[in-house]
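Here's the structure we're looking at; comments come further down.
The values are calculated or read from the model by the stated rules, or taken from the named source; none is laboratory data. Given the structure is predicted, the values throughout are model-derived calculations rather than measurements. Backbone-built Cβ (ideal geometry, glycine too); neighbour counts: all protein chains shown. Heads up: the accessible areas ignore ligands, DNA and RNA and are worked out on the full protein's heavy atoms, side chains in. Shrake-Rupley method; radii C 1.70, N 1.55, O 1.52, S 1.80 Å.
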Amino acid sequence: QVQLVESGGGLVQAGGSLRLSCAASGTIASITAMSWYRQAPGKQREWVARITSIGATNYADSVKGRFTISRDNAKNTVYLQMDSLKPEDTAVYYCKSFGRDSWGKGTQVTVSS
C-alpha cells in the first residue's frame, strides 16, 4: 500500500503563490507516476499535472505556464508550485499515485480576488 499526505494549502490573494507537498510512504518502489488533481465546489475532480518516475511532466492547459510539478526522491515527496494564482484555482487539491494507486485526503487552496 501507498499512503499519501498533502500539505501546503491555504488562503492567498490573486496573483500570489503557494507550494503544495505530497509525502508518500509505504511501497513507494511500485509508484510509476504521481499526479495532482483538484476539485472545486460543485464540480468534478480534474487532473492538473503529472510527473513520471523519470521526471517527465505534463500539465492541464488551464495551469500550463503557472504551475510546476517536481519531485524529491530522497524525501519521497512531490511538489506543486503554483504561481500567478487565480480565483478559479480555488479547490481541494489531491495527489494520486500510479502503479500502486492511492489518493491523499486533499488540501484546501482558496484564492481571493
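So here's what we get for this one:
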item: Strands (runs of 3 or more DSSP E) contained in region 1-91 and holding at least 3 residues closer than 20 Å to Lys105 by Cα; result: 2-7, 18-26, 33-39, 46-52, 67-72, 77-82
item: Scan of region 5-31 for residues that are open to solvent by less than 50 Å² (accessible area, probe 1.4 Å), of a type in the set (Val, Ile, Thr) and touching a Gly at 6+ places or on another chain (Cβ under 8 Å), ordered by number; result: Ile31
item: Out of Thr90, Thr110, sole residue that is out of contact with any Asp or Glu (no Cβ under 7 Å at 6 or more places or on another chain), β-branched (Val, Ile, Thr) and surrounded by fewer than 17 Cβ atoms within 10 Å (Cβ to Cβ); result: Thr110
item: Subset tally (residues that are of a type in the set (Val, Ile, Thr) and within 18 Å of Asp83 (Cβ to Cβ)) for region 21-70; result: 6
item: Residue within region 68-85 that is open to solvent by 50 Å² or more (accessible area, probe 1.4 Å), small (Gly, Ala, Ser) and touching a residue at least 24 places away in the same chain (Cβ under 8 Å) present; result: yes
